[in-house]
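Here's the structure, in structure tokens; my notes come after.
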Amino acid sequence: MAVNELHETARAIVADHKGILAADESTGTIKKRFDSIDVESTEENRRFYRQLLFTAPGIEDSIGGVILYDETIRQSADDGTSLAELLASKGVIPGIKVDTGAHDHAGYPGEKVTEGLDGLRARLEEYRSLGARFAKWRAVITIGDGIPTDGNIHANAHALARYAALCQEAGIVPIVEPEVLMDADNTLDECWEVTTRTLHETFDALYEDALDLQGLLLKPNMVVSGKGCAQQATSEEIAHATVNCFQGVVPAAVPGIVFLSGGQSEVQATENLNAINQIGGPWVLSYSYGRALQASALEAWAGDPANAEAAQEVFTHRARMNSLAVAGEWTAEMEQTVTV
Ligand code: 13P
């Protein structure tokens, strides 16, 4: 059988217990992150910080792909190599965020729908020429009084499927990201119910549009208690609810499920991923973390080039901890004892 490039790429990103670094913060979001460490969000500071992450020694041992933002895929390292090329030269696959954000969904108060389909075919072609081999589109589902509605879930699923089809046509692996937010006061069971509905509708839409399930990755939330819920589930409860939910609605043909961290602390995100992998399933269960891979590294850097090496060590430590969690071999003690 001929080698299928989409299948190969999807599998390579999550091979050998590796995961994804989500470094695709929009200009607005990265400004918030930089504000938290009192660093001005200039184009050069953003380039410097991302170069620091991408050149961290050993990044390729735990990171199989990096999601870039439009600005970043056009930037170069100090020596003139494009950042995408730099990653590819280490065997880390460059990816690109292609949605243009979640906006208020007209007619659906309190709910968001993701935009960015117009002109996407041409943008994907350009991104591929710039080195991108996978892409990301994030849909946001909000839990609240009477929401999410079926209409909103449907609209987001439909957009995800149209985006994914355009990606596969362009030879780019789509990461399908329907994120149920964890900010509300809902219980674990409510998150299970909403995540199940959302994923069911998403896979219906992917099936309807004849997507190749082996040539995509799913990026979902874990099934967790909302931040405002008095009764917070344990890692074991989260793991059971999450795997149980996916077993009902995610086809085994999908090669990898890469979780977002969604506001969990760094260690929580690792501990939950480890518990999930102690149960396991027919898919690789890995990570595509933004905040849970970068929070401590960002603090260690604090905008001072003299801290770059220390920040890189903090980052690769976090990545290594998550890679161990994919193997189901992480323990809390390793946070102290494993050196990078
Ligand atoms: P977090 O892990 O910070 O939630 O970010 C992942 C991501 O890419 C969300 O789209």
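The values are calculated or read from the model by the stated rules, or taken from the named source; none is laboratory data. Bear in mind the structure is a predicted one, so any value in this text is a computation, not a measurement. Because the Cβ atoms are built from the backbone with ideal geometry, glycine has one as well, and the counts that use them run over all protein chains shown. The accessibility values were calculated without ligands, DNA or RNA, using every heavy atom of the protein model including side chains. Shrake-Rupley method; radii C 1.70, N 1.55, O 1.52, S 1.80 Å.
Here are some notes:
- Of the residues making up the stretch 141-161, those that are open to solvent by less than 10 Å² (accessible area, probe 1.4 Å) and within 16 Å of the ligand (Cβ to nearest atom) are Ile141, Asn156, Ala159, Leu160.
- The set of residues in the stretch 114-134 that are touching a helix residue (DSSP H, G or I) at 6+ places or on another chain (Cβ under 7 Å) and surrounded by fewer than 19 Cβ atoms within 10 Å (Cβ to Cβ) comprises Leu117, Arg121, Leu130.
- Near pairs, Cβ below 8 angstrom, 6+ apart or cross-chain, from the stretch 1-30 (hydrophobic (A, V, I, L, M, F, W, C)) to any residue that is open to solvent by 60 Å² or more (accessible area, probe 1.4 Å) and not in a strand (DSSP E or B): Leu6/Gln214; Ala10/Gln214
- Condition met for Ala159 (within 26 Å of Gly95 (Cβ to Cβ) and among the small types (Gly, Ala, Ser)): yes
- Filter result (of a type outside the set (Asp, Glu), in a helix (DSSP H, G or I) and open to solvent by 30 Å² or more (accessible area, probe 1.4 Å)) within the stretch 28-46: Gly28, Thr29, Lys31, Lys32, Arg33, Asn45
- Selection status of Cys245, away from the ligand (no atom under 16 Å from the Cβ), closer than 17 Å to Leu181 by Cα, of a type outside the set (A, V, I, L, M) and open to solvent by 10 Å² or more (accessible area, probe 1.4 Å): no
- Selection within the stretch 172-187 - away from the ligand (no atom under 16 Å from the Cβ) and open to solvent by 30 Å² or more (accessible area, probe 1.4 Å): Asp185, Thr187
- Residue match in the stretch 65-75 (condition: closer than 30 Å to Gly146 by Cα, within 14 Å of the ligand (Cβ to nearest atom) and β-branched (Val, Ile, Thr)): no
- Strands (runs of 3 or more DSSP E) contained in the stretch 67-165 and holding at least 2 residues charged (D, E, K, R) and within 20 Å of the chain's Cα centre (by Cα): 134-141
- Residue list for the stretch 76-99, restricted to those being more than 23 Å from Glu8 (Cα to Cα) and within 15 Å of the ligand (Cβ to nearest atom): Asp99
- Among the candidates Leu124, Leu87, residue that is among the hydrophobic types (A, V, I, L, M, F, W, C), in contact with a Leu (Cβ under 9 Å, 6 or more places away or on another chain), under 14 Å from Gly171 (Cβ atoms) and free of Cβ contacts under 8 Å to residues at least 60 places away in the same chain: Leu124
- Check on Ser261, open to solvent by 20 Å² or more (accessible area, probe 1.4 Å) and within 16 Å of the ligand (Cβ to nearest atom): no
- Top-ranked residue of the stretch 264-275 - restricted to ones that are open to solvent by less than 40 Å² (accessible area, probe 1.4 Å) and within 15 Å of the ligand (Cβ to nearest atom), ranked as farthest from Val326 (Cα to Cα): Gln264
- Residue check for Pro174: in contact with a Leu (Cβ under 8 Å, 6 or more places away or on another chain), in a strand (DSSP E or B) and over 18 Å from Glu8 (Cα atoms): no
- Residue match in the stretch 290-297 (condition: within 27 Å of Thr202 (Cα to Cα), within 16 Å of the ligand (Cβ to nearest atom) and charged (D, E, K, R)): yes
- Of the numbered criteria (1) open to solvent by 50 Å² or more (accessible area, probe 1.4 Å); (2) touching a His at 6+ places or on another chain (Cβ under 7 Å), the one Ser323 fails is (1).
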